[in-house]
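Student: Okay, handing you the structure first.
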Amino acid sequence: MKTKHGLLSILLFLAFTLTFSFDSYAQPPKWAPAHGYNAKTRHIYFPDHNFYYDLEKRSYIYLNGGNWSISAKLPSLYASFDLGRAAKIELDLNSDSPQKYNKDHLVKYKGKSPKLGSPGKSKKNKTGNGKKK
């Protein structure tokens, strides 16, 4: 009887260990870059659509009827957008609620297109079309 309990305990332990280890290696969203994000980045802000993705919790934070909602799946409201080509801002916020700073983000990142260069910066013009002195 002790052998059966010992064997059962080992099997349960292995089952839980494998379950949690596979969960920690879940795939990133399809729109995420192949190289990943900066280690300090916790949230991705999509300024053109005004919603967030929490990298740690693997969830979307978005406005739904005037209230902020959280979803593990991309809300149908945004399903038609190509998030791979969308402007993205990497946020280094030590918070579970980036939406608390949404008013600031709306102003700070309005019209930004950081997908061309570093987060929050536009790609530098290398063609030499600037004014000559």
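Derivation of every value follows stated rules applied to the coordinates shown; laboratory data play no part. Here the structure is a predicted model, which means the values were calculated and not measured. Note: ideal-geometry Cβ built from the backbone for every residue, glycine included; neighbour counts use all protein chains shown.
Student: First measure r as the distance between the Cβ atoms of His35 and Lys57, then evaluate 1/(1 + (r/R0)^6) with R0 = 22 Å and state the FRET efficiency to the nearest 0.05.
Tutor: Working: r = 21 Å, r/R0 = 0.97.
E between His35 and Lys57, to the nearest 0.05, is 0.55.
Student: List, in order, the whole-Hz ³J(HN,Hα) value for each residue of the range 38-51 obtained from phi through the Karplus relation with A = 6.51, B = -1.76, C = 1.60 and θ = phi - 60°; use x for Gly and Pro.
Tutor: Going residue by residue, I get 3, 4, 7, 6, 10, 10, 10, 9, 9, x, 6, 10, 6, 8 Hz, with x marking Gly and Pro.
Student: How many nm is it between the label spots at Tyr78 and Ile10, if each spot is 7 Å from the Cα in line with the beta carbon?
Tutor: Computed distance between label sites Tyr78 and Ile10 equals 4.7 nm.
Student: Right, next: Using modelled backbone amide H atoms (1.01 Å from N, in-plane), which distant-in-sequence or interchain residues come within less than 5 Å of Ser59's amide H?
Tutor: HN-HN under 5 Å from Ser59: Asp54.
Student: What's the exposure ranking of Arg85, Arg58, Arg42, going from fewest to most Cβ atoms within 10 Å? Can you show the working numbers first?
Tutor: On the way: Arg85 9, Arg58 13, Arg42 21.
Lowest to highest Cβ neighbour count: Arg85, Arg58, Arg42.
Student: Pop out the ³J(HN,Hα) list for the range 77-92 in order, Karplus 6.51 cos²θ - 1.76 cosθ + 1.60 with θ = phi - 60°, rounded to Hz; leave Gly and Pro as x.
Tutor: 4, 10, 4, 7, 8, 8, 5, x, 9, 6, 5, 9, 10, 7, 9, 9
Student: Convert each backbone phi in the range 95-110 into a coupling constant with the Karplus relation 6.51 cos²θ - 1.76 cosθ + 1.60 (shift: θ = phi - 60°), then list the ³J(HN,Hα) values in order as whole Hz, x for Gly and Pro.
Tutor: 8, 7, 10, x, 5, 4, 9, 4, 4, 5, 5, 4, 6, 5, 10, 5
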